[in-house]
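Engineer: Can you read through this structure? Questions will come right after.
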Amino acid sequence: AAIALKSAKVNGSQGATRWKRGDANARTACSSSHVSLSLSGSAWKTTKGASKRKVKARVASPTSSSSLTSVAVQDLEQEYLLGTYAGARPVGISFVKGNGCILCDAEGKEYLDFSSGIAVNCLGHSDRQWTDLVGQQLKTLVHVSNLYSTEPAALLAKELCQAASPWAKKAFFVNSGTEANEAAIKFARKYHVVNSKGKKQRSVLGLRLGSGAPTECVAFSAGFHGRTMGALALTSKEKYRTPFEPVMPGVKFAEYNNLESAARVIRKGKTCAVFVEPLQGEGGCNPITKEFLVGLRKLCNDTGALLVYDEVQCGLGRTGKIFAHQWYGEDAYPDIMTLAKPLAAGLPIGSVLMTDEVAEAISLGDHGSTFAGGPLVCTSGLHVMSRLQESGFLDEVVAKGEYLMDKLKDKFGANPIVKEVRGKGLIVGIEIEGSAGAIVEKARDKGLIVITAGEGNVVRLVPPLVVDRREIDKCVEILEESFAEL
């Protein structure tokens, strides 16, 4: 069946159905709000209702999707949810609905979303085509486990491998980015075990210690690969690793974009795999250089190590290519690539793509997942892939990214606390002197959602890929106001 999931042609040149200028009903996420973001001509304005925002003990706005106020929701969280996120969540905000690039809280206040759920909601919120397709699949088949075959998983595996052609030949599905990196570690280890047969096994006092295959991994400064024990070992920030040590042993760190540093730790017979992000997101929106990526490929070729790209955040259209490494040509192809965040536009999914050589080393039962690759999430992933490959969609991501960068550099290039504006496509960071937390808080108070990166000193902008230029204008306007108040 021909994906039976074909998307209808989208309206407009922005790659998705966008709000019509002057159509208040189409552009408002909250049907009744105390504070709303609205458009007037080509400019945005903030409209405030006559009454101040009221917080009741139990009941929120009757037009919202929630029966609880934001404060009541957070009271429940404090009582029943583990507090791993409590300090990071803004007090008094609980989101209940979204439309396009707009989020709405329980009290009816609207926010322009330039975080996309940490680079996940590539099609924005409540995209009509996406909700129709996923809703239809929800009524048909959701889960059967990987003991059985389903069409959406087979079709999505094909789409991903073909999009990464010519190097990617096989796909494996997981549920998240950290799971994808855990799988990549296992696959790399197994590849070397299979391809190191005949080598003398190591032993101490007659006890066999291993196959003699390389087991070490190399990762890079400012890199982030996840929070499970293997992926955590690859993550450079000590504050993430230290409370849980000992994590997986055998990881060496080198300096990002420094080939000499990498060459000192990538060693023949020792290094199993090299994990690198072609653009670091959590690390501070740091682009990679072509020389570094091509150089890593050569180092891996020379030493027999596998090159693994973590494109969990930078992949799937975020930089203006389907995959970020595609900006750097065939001399930078990896052996393995991990994906997740935007692949199902908000539903949990991840994937590992690999060459035939890696795939041939993996046997029945070497790895598995109960939930991964289910028909619901794969139907969503197929739709995302079809949208990314629509004519002009990625060109618009590039153009809008350049538009955003140019406006930010124009507004903040001479600002004494701004050190650099950097990024690629629609993943952009503003590095400042000191903490970016105050900027994030002030922007949020004004109705703009952005997040931090790096050492907390970078304002990270990762809007939905369907963002339009008027929304970019409003984002920059609010950031300018927020910087002015420091």
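Engineer: Region 324-451: D in µm²/s via Stokes-Einstein (Kirkwood Rh, Cα pairs, 20 °C, 1.002 mPa s)?
Structural biologist: 116
Engineer: With just the Cα atoms of region 360-427, tell me how far they stretch along each of the three principal axes, in Å, largest first.
Structural biologist: That gives 58, 30, 24 Å along the principal axes, largest extent first.
Engineer: Using only the Cα atoms of region 159-310, build the gyration tensor, take square roots of its eigenvalues as a ≥ b ≥ c, and label the shape rounded, prolate or oblate: rounded if a/c is under 1.5, else prolate if a/b is larger than b/c, else oblate. Could you put the intermediate results ahead of the total?
Structural biologist: Values: a/c = 1.40, a/b = 1.25, b/c = 1.12.
It is rounded, given that a/c, with a ≥ b ≥ c, falls under 1.5.
Engineer: Right, something else. Quick query: amide H of F220 versus all other amide H atoms, modeled in the peptide plane; which residues come in under 5 Å with a sequence gap of 5 or more or a different chain?
Structural biologist: A254
Engineer: Right, something else. How many angstrom lie between the C-alpha centres of region 135-172 and region 407-442?
Structural biologist: That distance is 39 Å.
Engineer: Sticking with this one: Measure off, as a whole percent, the carbon and sulfur share of the 1.4 Å-probe accessible area of region 402-486, all protein chains present.
Structural biologist: Reported share for carbon and sulfur atoms: 42 percent.
Engineer: How big, on average over all directions, is the shadow cast by the Cα convex hull of region 391-458, in nm²?
Structural biologist: With every direction weighted equally, the projected area is 4.9 nm².
Engineer: Residues with amide H under 5 Å of A340's amide H, sequence separation 5 or more or different chain, H placed in the peptide plane at 1.01 Å from N; which?
Structural biologist: It is S351, by chain and number.
Engineer: Also, quick follow-up: Can you give me the accessible area per residue for region 418-471, using a 1.4 Å probe, in Å²?
Structural biologist: Counting only protein heavy atoms, the per-residue value for region 418-471 is 29 Å².
Engineer: Residues of region 217-239 with amide nitrogen under 18 Å from the 7 Å Cα-to-Cβ point of F371?
Structural biologist: Hits in region 217-239 for F371 at 18 Å: 226-229.
Engineer: Could I ask something else about it? For region 79-219, give me the percentage of DSSP beta bridges that are antiparallel, rounded to the nearest 5 percent.
Structural biologist: 100
Engineer: Suppose R0 equals 25 Å. What FRET efficiency, 1/(1 + (r/R0)^6) with r the Cβ-Cβ distance, do T84 and E455 give to the nearest 0.05? Display every interim value, and only then the final one.
Structural biologist: Values: r = 20 Å, r/R0 = 0.80.
Efficiency computed from Cβ-Cβ geometry: 0.80.
Engineer: Based on the alpha-carbon gyration tensor of region 289-357 and its eigenvalue square roots a ≥ b ≥ c, which shape applies: rounded if a/c is under 1.5, prolate if not and a/b is larger than b/c, or oblate?
Structural biologist: oblate
Engineer: Give the long-range amide H neighbours of I102: residues separated by 5 or more places, or on another chain, with amide H under 5 Å away, using H modelled in the peptide plane at 1.01 Å from N.
Structural biologist: D113, H125
Engineer: Report, largest value first, the span of the C-alpha coordinates of region 82-132 along each principal axis, in whole Å.
Structural biologist: Projected onto its principal axes, the Cα set of region 82-132 covers 36, 23, 19 Å.
Engineer: Related question: Cα gyration tensor of region 83-241, axes a ≥ b ≥ c as square roots of the eigenvalues: rounded (a/c below 1.5), prolate (a/b > b/c) or oblate?
Structural biologist: oblate
Engineer: Next question. Which Rg and Dmax, in Å, describe the Cα atoms of region 90-184?
Structural biologist: Taking only Cα atoms of region 90-184, I get Rg and Dmax of 17.4, 50 Å.
Engineer: Report ³J(HN,Hα) in whole Hz for each residue of region 458-472, in order, from the Karplus equation J = 6.51 cos²θ - 1.76 cosθ + 1.60 where θ = phi - 60°; Gly and Pro get x.
Structural biologist: Listing the rounded values in order: 10, 7, 9, 10, 9, x, x, 5, 8, 4, 10, 5, 5, 5, 4 Hz.
Engineer: Strictly over 19 Å apart at the Cα level, which of K252/K290; K97/K407; K341/K424; K321/K411; K186/K321; K237/K341 would you flag in this model?
Structural biologist: Among K252/K290; K97/K407; K341/K424; K321/K411; K186/K321; K237/K341, the Cα-Cα distance tops 19 Å for K252/K290; K97/K407; K321/K411; K186/K321; K237/K341.
Engineer: Got a number for the accessible area of E151? Probe 1.4 Å, square angstrom, nearest 10.
Structural biologist: Only protein atoms counted, so the area is about 90 Å².
Engineer: Roll a 1.4 angstrom probe over the protein heavy atoms and tell me the percent of accessible area of region 240-383 that is carbon or sulfur.
Structural biologist: C and S fraction of accessible area: 52 percent.
Engineer: Which FRET efficiency value, to the nearest 0.05, do you get for V398 and L147 by plugging their Cβ-Cβ distance into 1/(1 + (r/R0)^6) with R0 = 35 Å?
Structural biologist: 0.25
Engineer: List the GluC sites (Glu not before Pro) in region 399-486 that DSSP assigns to loop (not H, G, I, E or B) and whose Cβ has at most 16 other Cβ atoms within 10 Å. Which are they?
Structural biologist: Sparse-neighbourhood loop GluC sites (Glu not before Pro): E433, E455, E485.
Engineer: I would also like to ask the following. If the chain between R264 and D410 were fully stretched, how many nm would it gain, using 0.36 nm times the residue separation less the Cα-Cα distance? Numbers along the way, then the final one.
Structural biologist: Values: separation 146, 0.36 × 146 = 52.56 nm, distance 4.01 nm.
The span from R264 to D410 would gain 48.6 nm if fully extended.
Engineer: While we're here: Calculate one ³J(HN,Hα) per residue across region 150-166 by plugging θ = phi - 60° into the Karplus curve 6.51 cos²θ - 1.76 cosθ + 1.60, and present them in order as whole Hz with x for glycine and proline.
Structural biologist: So the Karplus estimates, Gly and Pro as x, are 9, 5, x, 5, 5, 5, 5, 4, 4, 4, 5, 5, 5, 5, 9, 4, x Hz.
Engineer: Enter the Cα centre distance for the pair region 326-383 and region 251-316, rounded to the nearest angstrom.
Structural biologist: Using only Cα atoms, the two centres lie 19 Å from each other.
Engineer: Using the Karplus equation 6.51 cos²θ - 1.76 cosθ + 1.60 (θ = phi - 60°), what ³J(HN,Hα) coupling, rounded to whole Hz, does each residue of region 109-115 give in order, writing x for Gly and Pro?
Structural biologist: 7, 9, 9, 7, 8, 10, 10
Engineer: Ignoring ligands, DNA and RNA, how do K109, K197 rank by accessible area with a 1.4 Å probe, largest first? Before the final figure, lay out each step's value.
Structural biologist: On the way: K109 25, K197 165 Å².
Ranked list, largest accessible area first: K197, K109.
Engineer: Roll a 1.4 angstrom probe over the protein heavy atoms and tell me the percent of accessible area of region 72-124 that is carbon or sulfur.
Structural biologist: C and S atoms contribute 57 percent here.
The values are calculated or read from the model by the stated rules, or taken from the named source; none is laboratory data. Bear in mind the structure is a predicted one, so any value in this text is a computation, not a measurement. We place every Cβ from the backbone using ideal geometry, glycine too, and count neighbours over all the protein chains shown. For the accessible areas, the whole protein counts, side chains as well, though only heavy atoms, and no ligand, DNA or RNA atoms are used. Shrake-Rupley method; radii C 1.70, N 1.55, O 1.52, S 1.80 Å.
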